[in-house]
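In what follows, a structure is listed as structure tokens, so that the remarks can point back to it.
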Amino acid sequence: MVSLRPWTADDFSLLEQCNTAEMTAFLGGPETPEQLISRHQRYVENAFAGQMYVIRTADGDPAGSIGYWEHEENGDAVWETGWAILPEHQGKGLATAAIAEVTKAAAAEGSHRTLHAYPGVDNGASNALCRKAGFTLLEAREFEYPKGHWMRCNDWSLDL
């Protein structure tokens, strides 16, 4: 149904397509052009522990992005995941399939026992997706994202 391809220098337009008010409504709003360029560079250089991917449909079309990266949770290092599915591809099961694939990749790293997701408490679609993907809801709490913007999130955890 989907495949994941590591992020490349050619994927900046996908980042731009995901940087709309609709797509970032639960994330503090769109990023500035400078922030997008910086994010893209980190993804291209893989300048973090983890990996960002382009989600591709069965036809090979880009449908969004997903990744995993290190995050400190209560003094322990865990994997965190996040995703974005373009509006025209939403509601087709692509995010669920992509989460299953990124979970395999994070587990294969062998360095952390859990994968966490932190959707806003009001983000019904992402919270339903976490439940459907097998995550366990731990708690609702304050979470800083992006830097300087605090939001109320659910902490979902999946054992790897």
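Computed from the coordinates by the stated procedures, all read-outs in this text should not be read as laboratory data. It should be emphasised that the depicted structure is a prediction, and the values quoted were computed from it without experimental measurement. Every residue, glycine among them, receives a Cβ derived from its backbone with ideal geometry; neighbour counts consider all protein chains shown.
Residue-wise HN-Hα couplings along segment 126-142, as the Karplus relation 6.51 cos²θ - 1.76 cosθ + 1.60 with θ = phi - 60° gives them from phi, are 5, 5, 5, 5, 4, 4, 5, 7, x, 5, 10, 6, 8, 5, 9, 7, 7 Hz; Gly and Pro carry x. The calculated pair-distance distribution of segment 1-81 uses every alpha carbon pair, bins of 10 angstrom beginning at 0, and gives 17, 44, 34, 5, 0 percent. Spatially, segment 116-133 and segment 74-102 are offset by 10 Å when compared through their Cα centroids. Taking the Cβ-Cβ separation of residue 100 and residue 46 as r and a Förster radius of 25 Å, what is the calculated FRET efficiency to the nearest 0.05? Efficiency at R0 = 25 Å is approximately 0.70. Normalised by 2.2 N^0.38 Å, where N counts its residues, the alpha-carbon radius of gyration of the chain equals 0.97.
Taking the Cβ of residue 65 as the centre, find all other residues whose Cβ is under 11 Å away and add up their charges (Lys, Arg: +1; Asp, Glu: -1). Neighbour charge sum, excluding residue 65 itself: +2. 3J(HN,Hα) couplings calculated from phi for segment 70-76 with the Karplus curve 6.51 cos²θ - 1.76 cosθ + 1.60 (θ = phi - 60°) are, in sequence order, 6, 8, 8, 10, 6, x, 10 Hz; Gly and Pro show x. With neighbours defined as other Cβ atoms within 10 Å of a residue's Cβ, the residues 52, 1, 151 order from fewest to most as 1, 151, 52. Loop-located GluC sites (Glu not before Pro) across segment 1-110 with a Cβ neighbour count of 15 or fewer within 10 Å are 22, with loop assigned by DSSP.
Compactness ratio for segment 54-145: Cα radius of gyration over 2.2 N^0.38 Å (N = residue count) comes to 1.10. Residues whose amide H falls under 5 Å from that of residue 63, counting only those 5 or more places apart or on a different chain, are 55, 56, 57, with hydrogens built in the peptide plane. For the chain, modelled as a GNM whose springs connect Cα atoms under 10 angstrom apart, the maximal fluctuation among 32, 96, 136 occurs at 32.
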